[in-house]
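Each remark here refers to the structure printed beneath this line.
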Amino acid sequence: MKEKILFVCLGNICRSPAADGIMKHMVKERGIAHHFIIDSCGIGAWHVGQLPDSRMRRHGHDHGYCFDHRARQISKTDFDMFDHIIVMDRENLRAINSMAPSDSARAKVKLMANYLRHHDNYNVVPDPYYGTDHDFEVVIELLEDACEGLIEEMLGDKGSHKGKS
């Protein structure tokens, strides 16, 4: 059975397509990509059809990632299609929970920071859009850490996972 993961941020041009690309890269490197369906989307429709922000693509490339996902907006069908809906911050969490059609759909929604293993000082993945190059680097570092934690949890190694909600 495949794990179906949807990463969500505000516009689907920075954090969620980076999480999508990093997660795909990590599962491919481990030879387990066939166990996953991974996608990303945004809450808003502002950037539908666009590539990720050029700064995120550049920083991702510097780390060996290809961020080429085309932005899309979340739809009601995503709540049925995906097992895990992973959001980047509390604003995303509120918005997605308010869109969820049922309690079982809401139960699928988790914060990406829940899977951080080495960054206890972060409880969200901050939006780098109005920030500096450093902010984009921090987001990639956080997403790498959280994707590793997510993979560990999905493969059954829950020893280093924080039990945050």
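The values are calculated or read from the model by the stated rules, or taken from the named source; none is laboratory data. Just so it is clear, the model here is predicted, and its values are computed rather than measured. Reconstructed Cβ throughout: ideal geometry from the backbone, glycine too, with neighbour counts over all protein chains shown. Only protein heavy atoms, including side chains, enter the accessible area calculation; ligands, DNA and RNA are left aside. Shrake-Rupley method; radii C 1.70, N 1.55, O 1.52, S 1.80 Å.
Against the test of being within 23 Å of P128 (Cβ to Cβ) and open to solvent by less than 30 Å² (accessible area, probe 1.4 Å), the options A19, A45 yield a single qualifying residue, A19. Return the residue satisfying two criteria in turn: it lies in segment 110-136 and is touching a residue at least 12 places away in the same chain (Cβ under 8 Å), outside any loop (DSSP other than H, G, I, E, B) and surrounded by 15 or more Cβ atoms within 10 Å (Cβ to Cβ), and of such residues it is farthest from the chain's Cα centre (by Cα). So the residue we want is F136.
Conditions (1) free of Cβ contacts under 8 Å to residues at least 24 places away in the same chain; (2) β-branched (V, I, T), marked per residue:
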| residue | (1), (2) |
| --- | --- |
| A33 | yes, no |
| I38 | no, yes |
| G42 | no, no |
| Q50 | no, no |
| R55 | no, no |
| H69 | no, no |
| F79 | no, no |
| V87 | no, yes |
| L93 | yes, no |
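Residues in segment 60-67: is at least one at pLDDT 95 or above, open to solvent by less than 10 Å² (accessible area, probe 1.4 Å) and of a type outside the set (A, V, I, L, M, F, W, C)? The answer is yes; a qualifying residue exists.
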